[in-house]
Amino acid sequence: MNNFGSVNDIFNVHGKKALITGGTKGIGRAIALCLMENGCDVMLVSRNTQDARDLIEFSSEKGVNCHLFPSDLTASGASQIVAQQAEQAMGTVDILINAAGMNHPKLIEDMDDENWEQILRLNLTATFRMCRETIRIMKKHHYGKIVNISSMKSVLGVSNEGYTAYCASKGAVNMLTKQIACEVAADGITVNAVAPTFIKTAINAHQLEDPVYFETLVNRIPVGRIGEFSDLMGPILLLVSDASQFITGQVYLLDGGLSARQ
């Protein structure tokens with residue numbers, strides 16, 4: 001008779017070492033809290049880590065380590081330095097979460113080359129570079145879990161919102177995820193993405209504070225609400241644990257049924 005193991009066994013991430021970009025705010029911060037709650041040591045990368053000291057206190061309460069590392073991931077060589085520092089601080093990197101992202105909401109006719117390139121440098125190029133540098137570490141141990149934070153805007157456009165570069169960058173992240181997954185599958189490394197619909201963050205707060213926009217949005221989502229950080233944590237824990245050893249190259253739409261409705 002097969003022994004499939006308990007939930008506590010197959011979803012266990014205790015003692016794993018996680019590197020999280022954009023780890024002090026928004027979705028990245030929520031994931032950091034979740035992983036620390038479940039016994040992971042973390043290194044959190046952000047342009048500014050000064051306002052994240054409470055995460056150090058939280059890690060101490062949970063008996064894990066939290067390292068804060070300030071870095072502009074769009075700078076040349078930054079990803080290599082971040083990966084090296086993570087390996088030095090934690091001994092290895094078992095989990096990479098690419099959550100750093102940005103947008104400058106401008107319609108296509110108003111978007112200049114500088115805005116376009118800035119968004120793609122962080123949302124796409126920095127994700128590629130962090131995957132590349134971290135995979136070099138993961139291959140030493142023949143093990144790794146990479147989760148890229150995409151968006152429903154990677155598969156669905158929006159009208160009059162100024163998301164040209166953002167949608168393009170997140171659509172590219174989806175295919176980047178699939179291709180890297182194919183290249184490293186034999187090395188014991190899985191690569192997946194999650195694509196949530198609206199969860200209130202600094203990127204979209206201005207939209208969600210408009211009551212007319214908010215009501216229109218919620219009416220389109222079958223479950224009748226926007227997403228919450230807690231809605232991501234089940235899929236994240238699946239994808240960073242050994243429960244997902246046979247799952248790779250996938251993009252999970254976390255949208256409350258939005259993509260299922262015509």
What is the extension gain from R136 to N3, computed as 0.36 nm multiplied by their sequence separation minus the C-alpha to C-alpha distance, in nm to one decimal? 44.5 nm
Taking the chain as the reference, fit the longest principal axis to its C-alpha atoms, fit the long axis of helix 78-90 to the helix C-alpha atoms, and give the angle between the two in degrees, 0 to 90, nearest 10. 40
J(HN,Hα) series, the range 93-103, from Karplus relation 6.51 cos²θ - 1.76 cosθ + 1.60, nearest Hz, glycine and proline x: 10, 8, 10, 10, 10, 9, 10, 5, x, 7, 8
Out of the range 180-261, which trypsin sites (Lys or Arg not before Pro) are coil in DSSP terms and have no more than 14 other C-beta atoms within 10 Å? R225, R261
Taking the Cα-to-Cβ direction at E109 and at Q179 and moving 7 Å from each Cα, how far apart do the two end points lie in nm? 3.3
Scoring the range 128-249 by relative contact order with C-alpha pairs under 8 Å, at least six apart, yields a percentage of 30
Candidate lysines for bridging to K139, where Cα separation is under 30 Å - those fewer than 8 sequence places away on the same chain excluded: K16, K17, K25, K62, K170, K178
Give me the accessible area per residue for the range 1-75, probe 1.4 Å, as a whole number in Å². 52
Farthest positive-ward along the chain dipole, Cα basis, beta-carbon charges - from V223, N174, G188: G188
Counting other Cβ atoms within 10 Å of each Cβ, which GluC sites (Glu not before Pro) in the range 127-224 have at most 10 and sit in a DSSP loop? E209
For the range 69-192, which whole-number percentage of the solvent-accessible area (1.4 Å probe, protein heavy atoms only) is attributable to carbon and sulfur atoms? 49
Centroid-to-centroid separation of the range 80-116 and the range 8-27 [C-alpha atoms, Å]: 17
Charges only on Cβ, +1 for Lys and Arg, -1 for Asp and Glu: so what's the dipole of the chain about the Cα centre, in debye to the nearest 20? 540
Take H206, H67, H14 and sort them by solvent-accessible surface of the protein heavy atoms, 1.4 Å probe, largest at the top. H14, H206, H67
How far apart, in nm, are two points set 7 Å out from the Cα along the Cα-to-Cβ line at Y213 and at D54? 2.5
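The values are calculated or read from the model by the stated rules, or taken from the named source; none is laboratory data. These numbers come from a predicted model, not from an experiment. Positions of Cβ are backbone-derived with ideal geometry, glycine not excepted, and every protein chain shown enters the neighbour counts. Only protein heavy atoms, including side chains, enter the accessible area calculation; ligands, DNA and RNA are left aside. Shrake-Rupley method; radii C 1.70, N 1.55, O 1.52, S 1.80 Å.
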